[in-house]
Amino acid sequence: MVIDTHSHFLPASLRRALQTRPAAPRVIERDGVTYVEYGARSAVPLSPAFTDVDVILERMKEAGIDHSVLSVTIPGVDWFDMGVAPGLADECNAELAELCQAHPDRLSGLATVPLQVPDQAADVLKQAVGKGLKGAMIYSNVAGAHLDDPERRQFFAAAADLDVPILLHPTYPLCAPTVAAFGMIEIAGFLFDTTTAALRLVFDGLYERHPEFKFIVPHAASLIPYFVGRIDYFGHARPGSTGNLSVPAMEHIRRFFTDTVCNWPPALSLSLDFFGVDRILLGSDHPFWPMTIARGVLDDLGLSPGDREKIESENAMRLFKLEMPGG
């Protein structure tokens with residue numbers, strides 16, 4: 001069994017809504033090609049791999065992936081008016097849940113939620129889990145606002161009460177104006193935005209309030225494994241710089257889950273050393289990245305068969321509480 005925990009889907013309801021927006025993020029036509037435009041200098045062609053389940057299933061077969069956990073792709077519903085976003089999120093989640101119900105052996109799903117309306121985001125999550133979705137994917141900022149705003153704590157409390165995982169994913173980054181050259185928004189800006197969003201939540205006390213919170217910080221934990229020593233140093237040298245936590249911030253950060261999306265074995269090796277094999281999940285980031293490269297990054301790590309099985313299936317089965325038909 002091979003499970004891809006980081007694969008994206010664009011529901012038809014979200015595509016239609018994005019087509020009505022006069023400014024990014026939106027769906028636009030340019031030179032005969034349809035794009036999802038996230039912001040200035042950041043867009044991706046809207047290929048059938050985002051929307052056509054038959055294409056997704058065929059690519060899974062080509063990549064040797066048995067099951068995919070699909071998440072509603074960026075930009076989600078965060079940029080829509082508060083009166084519209086909850087209903088639109090419900091539509092997206094219902095569409096994804098129906099897709100998973102039609103292919104229970106091949107697909108599971110993660111909800112999208114309207115974090116600009118935190119109390120309703122909690123309700124949307126509860127309804128989505130009731131439809132069979134396994135958790136939610138949230139984005140590294142909420143239409144330019146921070147995830148750790150106190151009003152959003154009620155959403156994280158709801159996720160903790162439901163005992164479902166939350167996947168953090170980059171979106172159009174807050175630092176975009178400083179990296180808006182070449183491809184640096186996606187190359188560097190996405191990772192910086194995810195890193196700072198995750199750290200802000202930790203320093204704000206996410207794990208003080210919810211010690212068992214199931215939080216997935218993807219892309220080999222973004223930039224965090226590379227400067228854990230700085231986090232630890234400043235936590236000791238400058239009290240308050242990592243929040244007012246009862247334990248060193250590193251004890252909370254080690255509770256993250258992460259995935260294999262990095263295409264660079266040394267980076268994944270560092271994440272394995274820091275988090276441990278029980279917290280690493282296979283991911284492809286399809287269709288932004290080819291699904292066929294998802295497993296290749298593991299080949300050069302010299303993993304034992306047991307450790308590779310944990311990464312490719314066992315950890316995902318446990319975290320998402322997956323029950324395969326006939327399994």
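The values are calculated or read from the model by the stated rules, or taken from the named source; none is laboratory data. Keep in mind it's a predicted model, so treat the numbers as computed, not measured. Positions of Cβ are backbone-derived with ideal geometry, glycine not excepted, and every protein chain shown enters the neighbour counts.
A few points about this structure:
- Of all residues in segment 208-230, those that are part of a helix (DSSP H, G or I) and within 30 Å of K134 (Cβ to Cβ) total 10.
- The residues in segment 239-255 that are of a type in the set (S, T, Y) and surrounded by 13 or more Cβ atoms within 10 Å (Cβ to Cβ) can be counted, and the count is 2.
- Within segment 298-327, residues that are free of Cβ contacts under 8 Å to residues at least 60 places away in the same chain sit with their Cβ atoms under 6 Å from residues that are part of a helix (DSSP H, G or I) and β-branched (V, I, T), at 6+ positions apart or across chains, in these pairs: D307/V277; K310/V277.
- If the condition is being buried (at least 18 other Cβ atoms within 10 Å of the Cβ), in contact with a helix residue (DSSP H, G or I) (Cβ under 6 Å, 6 or more places away or on another chain) and either in a helix (DSSP H, G or I) or at positive phi (or both), then segment 278-297 contributes M291, V297.
- Checking each residue in segment 141-161 for being buried (at least 17 other Cβ atoms within 10 Å of the Cβ), aliphatic (A, V, I, L, M) and not in a loop (DSSP other than H, G, I, E, B) picks out V142, A158, A159, A160.
- Residue within segment 232-240 that is assigned to a loop (DSSP other than H, G, I, E, B), more than 23 Å from the chain's Cα centre (by Cα) and among the small types (G, A, S) present: no
- Elements of type strands (runs of 3 or more DSSP E) contained in segment 1-112, each with 2 or more residues being surrounded by fewer than 22 Cβ atoms within 10 Å (Cβ to Cβ) and of a type outside the set (V, I, T): 26-30, 33-39, 42-45
- Flag for R152 being closer than 28 Å to D54 by Cα and either modelled with pLDDT of 95 or more or touching a Cys at 6+ places or on another chain (Cβ under 7 Å) (or both): no
- Residue check: D54 meets all listed conditions (1) touching a residue at least 60 places away in the same chain (Cβ under 8 Å); (2) farther than 24 Å from F155 by Cβ; (3) not hydrophobic (A, V, I, L, M, F, W, C) but one, namely (1).
- Options G189, G132; residue that is assigned to a helix (DSSP H, G or I) and of a type outside the set (A, V, I, L, M): G189
- One residue from S269, S246 being part of a loop (DSSP other than H, G, I, E, B) and more than 19 Å from the chain's Cα centre (by Cα): S246
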